[in-house]
Amino acid sequence: MYTQAMDTAPPDVLAPVRNADEAAREAAFEARVAAGAFVEPQDWMPAHYRRTLVRQISQHAHSECVGMLPEGNWVTRAPTLKRKTILLAKIQDEAGHGLYLYAAAETLGTSRDEMLQALHSGKAKYSSIFNYPTLSWADIGTIGWLVDGAAIMNQVPLTRCSYAPYARAMVRVCREESFHQRQGFDSLLVMMKEGSEAQRAMVQDAVDRWWWPSLMMFGPPDADSPNSAQSMRWGIKRLSNDELRQKFVDACVEQARVLGVTLPDPELKWNEARGHHDFGPIDWAEFWRVVGGHGPCNTERLGARVKAWDDGAWVRDAALAHARKQIMKEAAA
Ligand code: FAQ
């Protein structure tokens, strides 16, 4: 089976340890991580570190898979064979990212079935961004430019995450995300520079709708982010939600200028003293509404994932029956 681990954890690593031992082990672990060491699945780690990673990596995996749905909506309507081929390749890449990430999370001792059960029951989250609809072809280019652009900004620092299987998975994911961002930008650039007035208006409309949800992808402001402080101490997150969001805004301003689109924020302006762009307030009430299950497409997205799982039951059963037969055949030989 494909895995991000060099080896999976032996059972005793997963077992609870005695308190005195645990304190000493935890201190040694903190010191190792603070010194920049990477953690492998067979290494001892605090239970909270393990839980945090399972939460973040599995939610990341769910996001990659749910993220295929808004784009899948446009495969049959891509305007040219070239764009259709690119879109198909991109969606397949996202499935691959989900696979690497589920495999990385499995090295922490949680099964894929458990992770999927958490998604399907509504316990585990996935990125808020995928609860918005894709209304026009320009949405597909805009997802590549802004959503994949935000994903790269967030994920490049994760290639240095202290948990080595996650860091290794992110190296390949980031290379592919970079292609995704470029194809989106290219698709928008063609419409803006060579398209009709109606196509340019379609691009601007898509950018107007996706800009603010893209900024929300980085998570709540640092002051309202319950997990950030500990995750940064452990080297899981290397940059804070607000730092990443600011880097993203700064990068997008110049890209928007090249494209010839307006970012829908009247307060967006260069601040010489800070060396960054200031930007207007984000509607955090909308963010929490979407994260809480009440965005425009939450029901549809989760319903599609549950249906895919149910429809695939016979494939999983057949694969298990085949594997059992093979084992019996080998035992009899
Ligand atoms: N959506 O304390 P924090 C992609 C939750 S992949 C929903 O700041 P943390 C590729 C958070 O889970 C996109 N929930 O949390 C693609 C926590 O709740 P919990 C996904 C969110 O973990 C492109 C609570 O709020 N990327 O786009 C969101 O330290 C195109 C408090 O937040 C990743 O998952 C949100 N946006 O920081 C595919 C990257 N933000 O779990 C197809 C890895 C926060 O305690 C097409 N993940 N929450 O119940 C991370 O870097 C982090 O987990 C953050 C959140 C930054 C997302």
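The values are calculated or read from the model by the stated rules, or taken from the named source; none is laboratory data. Just so you know, these numbers come straight off a predicted model, no measurement behind them. For neighbour counting, all protein chains shown are included, and Cβ atoms are generated from backbone atoms with ideal geometry for every residue, glycine included. The area values use the complete protein model at the heavy-atom level, side chains included, leaving out ligands, DNA and RNA. Shrake-Rupley method; radii C 1.70, N 1.55, O 1.52, S 1.80 Å.
See the values below:
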{"item": "Matching residues, segment 159-173, being surrounded by fewer than 18 Cβ atoms within 10 Å (Cβ to Cβ) and either among the hydrophobic types (A, V, I, L, M, F, W, C) or not in a helix (DSSP H, G or I) (or both)", "result": "Val171"}
{"item": "Test for Ile143: is it closer than 23 Å to Ile282 by Cβ, in a helix (DSSP H, G or I), within 12 Å of the ligand (Cβ to nearest atom) and without any contact (Cβ under 8 Å) to a residue 40 or more places away in the chain", "result": "no"}
{"item": "Single residue of segment 116-140 satisfying the filter (farther than 30 Å from Met202 by Cα and among the aliphatic types (A, V, I, L, M)) that is nearest to the ligand (Cβ to nearest atom)", "result": "Ala124"}
{"item": "Residues located in segment 183-206, provided they are in a helix (DSSP H, G or I), surrounded by 15 or more Cβ atoms within 10 Å (Cβ to Cβ) and of a type in the set (Gly, Ala, Ser)", "result": "Gly184, Ser187, Ala206"}
{"item": "Any hit, segment 207-225, residues being on the phi > 0 side of the Ramachandran plot, outside any helix (DSSP H, G or I) and crowded, with 18+ Cβ neighbours inside 10 Å", "result": "yes"}
{"item": "Test: Ser196 is more than 17 Å from Thr142 (Cα to Cα), modelled with pLDDT of 95 or more and away from the ligand (no atom under 15 Å from the Cβ)", "result": "yes"}
{"item": "Long-range neighbours under 8 Å by Cβ, at least six apart or interchain, first residue within 18 Å of Lys247 (Cβ to Cβ) and touching a residue at least 40 places away in the same chain (Cβ under 8 Å) within segment 204-225, second open to solvent by 40 Å² or more (accessible area, probe 1.4 Å) and within 8 Å of the ligand (Cβ to nearest atom)", "result": "Met217/Asn154; Phe218/Asn154"}
{"item": "In segment 247-272, the residues that are open to solvent by less than 60 Å² (accessible area, probe 1.4 Å) and of a type in the set (Phe, Trp, Tyr)", "result": "Phe248"}
{"item": "Condition check for Ala27: surrounded by fewer than 19 Cβ atoms within 10 Å (Cβ to Cβ) and within 16 Å of the ligand (Cβ to nearest atom)", "result": "no"}
{"item": "Given (1) of a type outside the set (Ser, Thr, Tyr); (2) open to solvent by less than 40 Å² (accessible area, probe 1.4 Å); (3) within 18 Å of Gly144 (Cβ to Cβ), index of the condition Gly275 fails", "result": "(3)"}
{"item": "Meets criteria (open to solvent by 30 Å² or more (accessible area, probe 1.4 Å), within 12 Å of the ligand (Cβ to nearest atom) and not in a loop (DSSP other than H, G, I, E, B)) for Asp113", "result": "no"}
{"item": "Residue in segment 97-107 that is near the ligand (Cβ under 9 Å from one of its atoms) and buried (at least 21 other Cβ atoms within 10 Å of the Cβ) present", "result": "yes"}
{"item": "Any hit, segment 35-58, residues being closer than 21 Å to Arg316 by Cβ and within 10 Å of the ligand (Cβ to nearest atom)", "result": "yes"}
{"item": "Residue in segment 231-250 that is more than 16 Å from the ligand (Cβ to nearest atom) and either over 30 Å from His48 (Cβ atoms) or free of Cβ contacts under 8 Å to residues at least 40 places away in the same chain (or both) present", "result": "yes"}
{"item": "Near pairs, Cβ below 7 angstrom, 6+ apart or cross-chain, from segment 46-70 (closer than 14 Å to Ser111 by Cα and small (Gly, Ala, Ser)) to any residue that is near the ligand (Cβ under 10 Å from one of its atoms) and open to solvent by 10 Å² or more (accessible area, probe 1.4 Å)", "result": "Ser58/Ala124"}
